[in-house]
């Protein structure tokens, strides 16, 4: 149940989540939208009443940095399989006190399964460290897990090694935790126990953390340093002394009052981050909307030009098809529609290839955008058949002689269809005056040609739709940006209150 004081926050978070779900980003990196949406949804998910009294600690780190060894060392028990025994793509492990194995614990497990990993192993213990603290160890950080872990946890133990502390992926993990306002304990594992080497590695990592703003100064005492040493076969962990400092710090942070302070602090920081991330993303989305609109204009212009060229070709009698009323004539007319759509596609793709945003789209798609769509020819055939039916209906509708026999209707339709694909100056037979009057002949011929122009445009729009689909709807993008701008700042206002 949501606390009444949190209702405004939940309202704004819900609105932001709805906006973020509305449309994907096609021209820029979509991961920021996905990450923010996932984080907001996790923040909106209510924590279980009793389980929220526990301090959730997440052990995160890159593959091969020794996270499982760290957990086993803290427990002095084989809680988590290490090395080749446990594949790095599988099971998250929760180490918890056995007295928390009641009904409510399944709710917390469900959250971990939903947000972190479908496969979760629960290891129960009587260790006093777990009285008010629960530790979660994920094996390999996927794109989703770090964000999920930071949202579930009140404290993060970030494990890296002497060989991987400078990896960009490690700093991305730290950035996730910092953006969510979660306190971080830094563990530098597998440090070579050799004079000069150890000091150099530890000092360098401390300097990097200070430069990135994770610690106030490059102080090696801000790190928990674990030197290379043999693994105990009894528990796949290190001796008690190796992790004594980290365990003592965890015991201190497991204090209920301090834990509540951490939760409050992380909640405030998370809401501030949502507001900041939302504002930054809104700017990206507006820029994408502008780019999408520009690319769509390029496509619309290219296809409109192609339509005009075919229309002019028909008006000037340069269409080389046989009589359009014949089966082969209609097929050739449909192919002409398709061919012109293909020219529109090629011209669009060519202009996009010289546009930064357009090049992104073309590089991400196959080569199909350089030609007409695979269904355009069939669609053009349907459109031509539909146009002939429209002409037939028009022939009857405009007639001044009332009922027209089927034979006459067929002849009139054929003559009108053929005339529309011949030179515009070609006159209809005099017999048409008996059905439409002298002025009516000109009007009906003009109407038939207008219908033909509409048919050409219909095929072009159908084919051009592919270009609109790959860039997204600018109006939806702008609506997303507006929602982020409207609701994000209120999160910070609510925190201030």
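Per-structure values
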read-out	value
Residues 252, 301 arranged by fewest to most Cβ contacts within 10 Å	252, 301
C-alpha center-to-center spacing [segment 16-44, segment 218-263] in angstrom	35 Å
Mean Cβ count within 10 Å, highest first, over the residues of peptides 365-372, 413-420, 216-223, 270-277	413-420, 270-277, 365-372, 216-223
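FYI, it's all coordinate maths here, none of it is from the lab. Being a predicted model, the structure only gives us computed values, none of them experimental. Don't worry about glycine lacking a Cβ; one is built from the backbone with ideal geometry, like all the others, and counts go over all protein chains shown.
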